[in-house]
1. Run B:M171 past the list (1) of a type in the set (A, V, I, L, M, F, W, C); (2) over 23 Å from B:V36 (Cβ atoms); (3) facing another protein chain (nearest Cβ under 10 Å); (4) in contact with a Ser or Thr (Cβ under 9 Å, 6 or more places away or on another chain) and report the number of the one that doesn't hold.
2. In the list B:E88, B:E71, which residue meets the criterion of being in a helix (DSSP H, G or I), acidic (D, E) and farther than 18 Å from B:V189 by Cβ?
3. Looking at B:K24, B:K8 in this structure, which one is over 20 Å from A:F74 (Cα atoms), basic (K, R) and open to solvent by 70 Å² or more (accessible area, probe 1.4 Å)?
4. Of all residues being in a helix (DSSP H, G or I) and more than 23 Å from the chain's Cα centre (by Cα) in the range B:124-163, which is surrounded by the most Cβ atoms within 10 Å (Cβ to Cβ)? Just the residue, please.
5. Restricting to the range B:70-90, name every residue that is of a type in the set (S, T, Y) and either under 20 Å from B:V154 (Cβ atoms) or more than 10 Å from every other protein chain (Cβ to nearest Cβ) (or both).
6. Hey, any hits in the range B:55-64 for a residue that's in a loop (DSSP other than H, G, I, E, B) and within 14 Å of B:F194 (Cβ to Cβ)?
7. Of all residues in the range B:29-47, count the ones that are facing chain A (nearest Cβ under 7 Å), open to solvent by 20 Å² or more (accessible area, probe 1.4 Å) and in contact (Cβ under 8 Å) with a residue 60 or more places away in the chain.
8. For the range B:10-28, give me each residue that is within 21 Å of the chain's Cα centre (by Cα) and more than 8 Å from every other protein chain (Cβ to nearest Cβ).
Amino acid sequence: MSEQQHASAKHHITGFVLSLLLTFAALFLALNTPLSVGLKLTVIIVLAVFQMLVQLVYFMHVTEGSKIYQIISFSYGIFVAVCVVAGSIWLMLLNGMSMY
Amino acid sequence: MASSSVPKGTPNFPEYQTEEGRLKIFGFWVFLAAEVVLFSTLFATYLVLADRTAGGPTGKELFEVKDFMIETMLLLTSSFTCGLAVLEMRKGNKKGVFIWMIATLAMGLGFLGMEISEFVAYVHEGATLQTSAFLSGFFVLVGTHGAHVTLGVVWISLVLTQVAKRGLTPMTCRKLFIGGLYWHFLDVVWIFIFTAVYLTGLI
């Protein structure tokens, strides 16, 4: 049991280090690199998604308990969120440009 | 404690030992999914209106890298200490729970203090909720997150007073665990605010 607990303290430290690395990587990429705006946005969004997965797996223990039901419920929330955000941007900014 | 009614594969932690505990934890995940959708509508509104500054200040003029990085570090670190508190809870170490949870709440309050002073500074610079569609979207999105953090601090403080009185029972452990889920979730939302509002505003 103490072995398992030791492993899980390590697990949390790994999660914390990963989340710090992802945050500073996003900051550095956004402010100090000569990449194009589109590329920067894509990369920081990908980093944010990884950051979310780190929180879910390392801190929120999404893989415990009613594992499969938790993952399905939360994923459905994410699916609706992506539709709302991407759909709004597509409709209002990309597709609706000619309206203004 | 683990009775024969505990399904196979259930983690051997106090918060999962009763059927009520298991159901309430699952129910909280469903609630978090609804919160994801709530925040998505605010993100969609903000992102669509982010360029509508109506002659008022833009994100580039307002956002200070140092300030939002300190806010981000406070929340990320508090999410980590909150995780450690849940670990201590599973070891049955009440003192450890208090140390890490109080550290978590202190960082949460630090975050709120930073955010309130940030909002006050913006208003003094003439950037209010009424200035432009960009700022309406900004204050509603970031303010809703701040209101959630405030609620989280109050809620977890109340759960801690219950732990102080009743000790680490399957019931108080379940409440601590769910409070922890809420706190980590607020960090997830902040990561997207950090990315979609602050970093995107500066690019």
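The values are calculated or read from the model by the stated rules, or taken from the named source; none is laboratory data. All values derive from a computational prediction rather than experimental measurement. Ideal geometry is used to build each Cβ from the backbone, glycine not excepted, and the neighbour counts take in all protein chains shown. Areas reflect the complete protein model, heavy atoms only, side chains present, ligands, DNA and RNA absent. Shrake-Rupley method; radii C 1.70, N 1.55, O 1.52, S 1.80 Å.
1. (3)
2. B:E88
3. B:K8
4. B:F134
5. If the condition is that a residue be of a type in the set (S, T, Y) and either under 20 Å from B:V154 (Cβ atoms) or more than 10 Å from every other protein chain (Cβ to nearest Cβ) (or both), then B:S78, B:S79, B:T81 are the ones that fit.
6. Checked against the condition, which is being in a loop (DSSP other than H, G, I, E, B) and within 14 Å of B:F194 (Cβ to Cβ), the range B:55-64 yields at least one hit.
7. 2
8. B:E15, B:K24, B:G27, B:F28, listed by residue number.
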